[in-house]
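The structure under discussion appears below in the form of structure tokens.
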Amino acid sequence: MTTTLPDRPTHVLLDLDGTLTDSAPGIMASLRTAFTETGFPVPDDARLRRFVGPPLGLSLARAALTGDQAEAVVAVYRRELEAGGMYDNSVFDGVTDLLATLRDAGTTLVVATAKPQPLARPIVEHFGLDRYLTGGIDSVFGPAMEGAGEHAGKEKVVARALAASGGDQAGASAVMVGDREHDVHAAAANGIATIGVTWGYGEPGELEQAGAAAVVGSAGELRALLLG
């Protein structure tokens, strides 16, 4: 389902992995270690990249791991991330300037991510992106540290972000910005449109097929679309 973009969004919900930051190096390295230590075949790089963005439990289920097997992988993966893998990461070109411009234009900015909130907030703070968010680090929303068997959809995170920021109030017009199909579906479940970005981890055509209202290839294009 494609939801129409508002002319001038008052609230912008931003995905983290693949939208604001290039987190694939740390996530993929942590996953390689996790699969190796638990004795499961290590997926190739193309398959590992597909793990970046969606809830981890969902990706492991798609990899045909049982609940116990997935829990073992998650335990090692999380250990590796918290030991420093989550900072093997970088901010995409143009993102900082984009956030500054949107903030200065009065746009309410929040992060809505499938990454567990206890990991997402330190990453956002590490790269200094919290200074551009309307509520600082409190404007980073994600799920709790879910177990491997939990495939909670991102729609609940988007709902929380909208409610906390006022994006669901009368007179507000909100939009989601993300790089994967689950961003589009989560936004649509909450009645808002998604602008897809192609610099992330989505497959060719994924965003269009999911129903993104628009797809952009640079921070400059995104700025023009959001500010009119």
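The values are calculated or read from the model by the stated rules, or taken from the named source; none is laboratory data. If you're wondering where the values come from, they're calculated on a predicted model, not measured in any experiment. Here the Cβ is made from the backbone with ideal geometry for all residues, glycine too, and neighbour counts use every protein chain on show. What goes into the accessible areas is simple: the full protein's heavy atoms, side chains included, and nothing from ligands, DNA or RNA. Shrake-Rupley method; radii C 1.70, N 1.55, O 1.52, S 1.80 Å.
Packing, taken as the mean count of other beta carbons within 10 Å per residue, orders the peptides 108-115, 93-100 from highest to lowest as 108-115, 93-100. In the chain, the longest principal axis of the Cα atoms and the axis of helix 24-38 are about 20 degrees apart. Here each label is just a point 7 Å from Cα along the line to Cβ, and for A100 and D138 those points are 2.6 nm apart.
Ligands, DNA and RNA are left out, and with a 1.4 angstrom probe the accessible area of the range 1-116 is 42 Å² per residue.
Rolling a 1.4 Å probe over the heavy atoms of the protein chains gives the range 168-222 an accessible area of 37 Å² per residue.
Take every DSSP beta bridge whose two residues both sit in the chain; close to 5 percent of them are antiparallel.
Each label point was placed 7 Å from the Cα along the Cα-to-Cβ direction; for V91 and E125 their separation is 1.7 nm.
Protection proxy ranking, highest mean first, for peptides 56-63, 38-45: 56-63, 38-45, where packing is the per-residue count of other beta-carbon atoms within 10 Å, averaged.
Surface composition of the chain: carbon and sulfur make up 50 percent of the accessible area, probe 1.4 Å.
Dividing the summed helix terms, -39500 (n - 2.57) for each DSSP H run of n ≥ 4, by the number of residues in the chain produces a 222 nm estimate of -12500 deg cm²/dmol to the nearest 500. Against the criterion of solvent-accessible heavy-atom surface with a 1.4 angstrom probe, D68, D88 sort, most first, into D68, D88. Between (i) 29, 18, 16; (ii) 29, 23, 17; (iii) 34, 19, 14, which entry matches semi-axes √(5λ) of the Cα gyration tensor in Å as derived from the coordinates of this structure? The listed entry that was calculated here is (i). Annotation for E208 and A172: the two label points, set 7 Å from Cα along the Cα-Cβ direction, are 3.2 nm apart.
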